[in-house]
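Worksheet: the structure to be examined is printed underneath.
The values are calculated or read from the model by the stated rules, or taken from the named source; none is laboratory data. Being a predicted model, the structure only gives us computed values, none of them experimental. Quick reminder, even Gly has a Cβ in these numbers, built from the backbone with ideal geometry, and neighbours come from all protein chains shown. Heavy atoms of the whole protein, side chains included, go into the accessibility calculation; ligands, DNA and RNA do not. Shrake-Rupley method; radii C 1.70, N 1.55, O 1.52, S 1.80 Å.
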Amino acid sequence: MRIASGGVTDLGRVRTNNEDCYKIVEPLNLFVLSDGMGGEAHGEIASAMAVETVVKHCLDIEANPAAKVIGPVQPNWNARTKRLSTAIHLSAEENPDQHGMGATLTAVWIDGAKLSIAHVGDSRAYLLRGGSLLQLTRDHSLVAEQVRRGILTSAEAEESDMQSVLLRALGAQAEIEVDVEEHTLFPRDMLLLCSDGLTRMVTEPEIAGTLQAETDPERAAEKLVALANERGGPDNITVVIVRTEKESKGWFSWLLRGSRKNLGSNGTAGGN
């Protein structure tokens, strides 16, 4: 399949610094997003370190397939899934705890029709297929866990003052537990990675509607960020969108591939 992607990160309307970070590595079809925590410059540093460390290890792993796998793995996982999980574990090891500093991390790696996802925290990954939006990740937050246990309703969780309390994040524990999954992709699927600056302001039906109405990933990301800002933009907002298309066998596909040889793109405050 052919992959099209785009990403936007924005300061929002209230914050004075952007603690979100993302990276798109087109040659690997690797997409990584992180939301930093800690205030002042700490969150910016934590998210940038998390993203760059994961990307570096994924690039290194491609060059050295025999590299050691770190962390628990399932025997049925494919090689890229194991390596993506390893990269996040290495990120946690190489960026040791610093007081008041941490980050979420959500990463997807596409290999043909195979999708690998690794995730820590409450930044999310969604799949839009046939008009239905499915959340692929599980929030590692206190209120999400209370909803899962029946202590809170979803409506009560949305109003809770404890929404920012995370049970898992890079830098929060000496050893990190990473959620890892594999999925199969089909042509015309759309993937969305986002920080909670989007999901706290924009509902899932609105997200699905925007993705259906605007199939260009970059423009769709811009529209979702603008919508979050229209609602007040109290937090940083980062959106990465990936669209899959059936690979064309004609001469035009060679022109498309030849025009997209850059290493990738990334985002910090204000955009790409």
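If ligands, DNA and RNA are left out, what is the accessible area of Glu52 with a 1.4 Å probe, given in Å² to the nearest 10?
Looks like 80 Å² after rounding.
Please work out how much accessible surface Met1 shows to a 1.4 Å probe, ignoring ligands, DNA and RNA, in Å² rounded to 10.
Answer for Met1: close to 70 Å² accessible.
Between Val69 and Glu182, 0.36 nm times their residue separation minus their Cα-Cα distance comes to what?
Details: separation 113, 0.36 × 113 = 40.68 nm, distance 1.71 nm.
Net length gain for the segment: 39.0 nm.
Given a 1.4 Å probe and heavy atoms of the protein chains only, how would you sort Ser5, Ser154, Ser34, largest accessible area at the top?
Working: Ser5 25, Ser154 75, Ser34 0 Å².
Result, largest first: Ser154, Ser5, Ser34.
Give me the net charge for the shell around Thr53: Cβ to Cβ below 10 angstrom, other residues only, Lys and Arg +1, Asp and Glu -1. Mind showing how you got there, number by number?
Working: positive: Lys56; negative: Glu52, Glu93, Glu94.
Net charge in that neighbourhood comes out at -2.
Report the accessible area of Glu214, computed with a 1.4 Å probe over the heavy atoms of all protein chains in place, in Å² rounded to the nearest 10.
Answer for Glu214: close to 20 Å² accessible.
Using 0.36 nm per residue, how much length does the chain from Lys246 to Glu93 gain when fully extended, once their Cα-Cα distance is taken away? If you can, show how the numbers build up before the last one.
Values: separation 153, 0.36 × 153 = 55.08 nm, distance 3.87 nm.
Roughly 51.2 nm would be gained on extension.
Just to verify a number: FRET efficiency for Leu167 and Val14, C-beta to C-beta distance, R0 = 25 Å, to 0.05?
Details: r = 25 Å, r/R0 = 1.01.
Taking R0 as 25 Å, the efficiency between Leu167 and Val14 is 0.50.
What is the gain in length, in nm to one decimal, between Asn76 and Arg2 on full extension, counting 0.36 nm per residue of separation less the C-alpha to C-alpha distance?
Values: separation 74, 0.36 × 74 = 26.64 nm, distance 2.55 nm.
The Asn76-Arg2 span can extend by a further 24.1 nm.
So, R0 is 22 Å and r is the distance between the beta-carbons of Asp60 and Glu26; what FRET efficiency does that work out to, to 0.05? Could you put the intermediate results ahead of the total?
Working: r = 18 Å, r/R0 = 0.80.
The formula returns an efficiency of 0.80 here.
So what's the net charge close to Gln74: Lys and Arg +1, Asp and Glu -1, counting the other residues with Cβ under 11 Å from its Cβ?
Numbers: positive: Lys82; negative: Glu181, Glu182.
The answer is -1.
Order Thr215, Thr9 by their accessible area, 1.4 angstrom probe, all chains in place, largest first. Intermediate results must be reported in sequence, preceding the final value.
Working: Thr215 65, Thr9 0 Å².
Highest to lowest solvent-accessible surface, that is Thr215, Thr9.
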